[in-house]
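*Asks:* Sharing a structure, written as structure tokens. Questions coming.
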Amino acid sequence: SVTGGAVVVMNIANGGVLATANYPSYDLATLSENYNKLVSDKNTPLLDRAFKGIYPIGSTIKPAVAVAALENNKVTKSESIYCKRTYTYFGDFQPECMHFHGRIALKTAISRSCNYYFFEVGRRLGIKKLNQYFKDFGLGVATGVEVNDSAGLLTEYDSDSGNTIQVAIGQLNAFTPLQLAVYTSTLANGGTRYKATLIDKIV
């Protein structure tokens, strides 16, 4: 069962962090007296999961992969790829999609989260191009927020192998909820990545 989580709410028009929440949390007023108990708690309530916790983001990466593929002419919106469930391009690594989708184009591949489609599109792009776009979307790089946060884990693989297709469905790398908010805000506002900020104004 899930014992922890985090939420970040961001203004897509300027990168302003509107709210964050971590679970489990603690009462700041009693932090000193409860510190030893909090430190030893296996659910790590002192961890700022929103800004410092790094997690694989799974299929939420697929829209970024789609943007990269479209902008680099590796696929068109109407082109169909045949999902036969098992991806057999690599002889030594043949992962499976969660379902057999048959012939499927981009819009449906996203709505059904077809791993096979994104295995193929990711392979066409290659790991270097994928990583470039991930960074452009704010994944694996500093968010610019005014407090200490994690840059996440964006691994620079040196070959276009089975690692590439895993990265294309959100595996192997790991990012913070704040970075995920920056990324999805960039998608939602049409492509402008703003620096994340906690400060509304200085007077």
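The values are calculated or read from the model by the stated rules, or taken from the named source; none is laboratory data. None of these values were measured; they are calculated from a predicted model. All Cβ positions, glycine included, derive from the backbone under ideal geometry; neighbour counts span all protein chains shown. Accessible surface is based on the protein model in full, side chains and every heavy atom, while ligands, DNA and RNA are left aside. Shrake-Rupley method; radii C 1.70, N 1.55, O 1.52, S 1.80 Å.
*Asks:* Got a number for residues in segment 146-203 being of a type in the set (Asp, Glu), over 16 Å from the mean Cα position of the chain (by Cα) and either modelled with pLDDT of 95 or more or exposed (fewer than 14 other Cβ atoms within 10 Å of the Cβ) (or both)?
*Replies:* So the count comes out to 3.
*Asks:* Asn22 - would you say it is touching a residue at least 40 places away in the same chain (Cβ under 8 Å) and either touching a Phe, Trp or Tyr at 6+ places or on another chain (Cβ under 6 Å) or outside any loop (DSSP other than H, G, I, E, B) (or both)?
*Replies:* no
*Asks:* Restricting to segment 30-68, name every residue that is touching a residue at least 24 places away in the same chain (Cβ under 8 Å) and either part of a strand (DSSP E or B) or acidic (Asp, Glu) (or both).
*Replies:* Hits for segment 30-68 are Asp48, Tyr55.
*Asks:* Check Tyr35, Tyr89 and return the single one that is open to solvent by 30 Å² or more (accessible area, probe 1.4 Å), touching an Asp or Glu at 6+ places or on another chain (Cβ under 8 Å) and at pLDDT below 95.
*Replies:* Matching residue, one of Tyr35, Tyr89: Tyr89.
*Asks:* Go through (1) more than 30 Å from Arg123 (Cβ to Cβ); (2) open to solvent by 50 Å² or more (accessible area, probe 1.4 Å); (3) in contact with a Pro (Cβ under 9 Å, 6 or more places away or on another chain) one by one and return the number of the condition Pro45 breaks.
*Replies:* Going through (1) more than 30 Å from Arg123 (Cβ to Cβ); (2) open to solvent by 50 Å² or more (accessible area, probe 1.4 Å); (3) in contact with a Pro (Cβ under 9 Å, 6 or more places away or on another chain) one by one, Pro45 breaks only (2).
*Asks:* In segment 69-86, how many residues are open to solvent by less than 60 Å² (accessible area, probe 1.4 Å) and either under 19 Å from Ser161 (Cβ atoms) or without any contact (Cβ under 8 Å) to a residue 40 or more places away in the chain (or both)?
*Replies:* 6
*Asks:* How about segment 12-22: which of its residues are surrounded by 11 or more Cβ atoms within 10 Å (Cβ to Cβ) and out of contact with any helix residue (DSSP H, G or I) (no Cβ under 8 Å at 6 or more places or on another chain)?
*Replies:* Hits for segment 12-22 are Ala13, Asn14, Gly16, Leu18.
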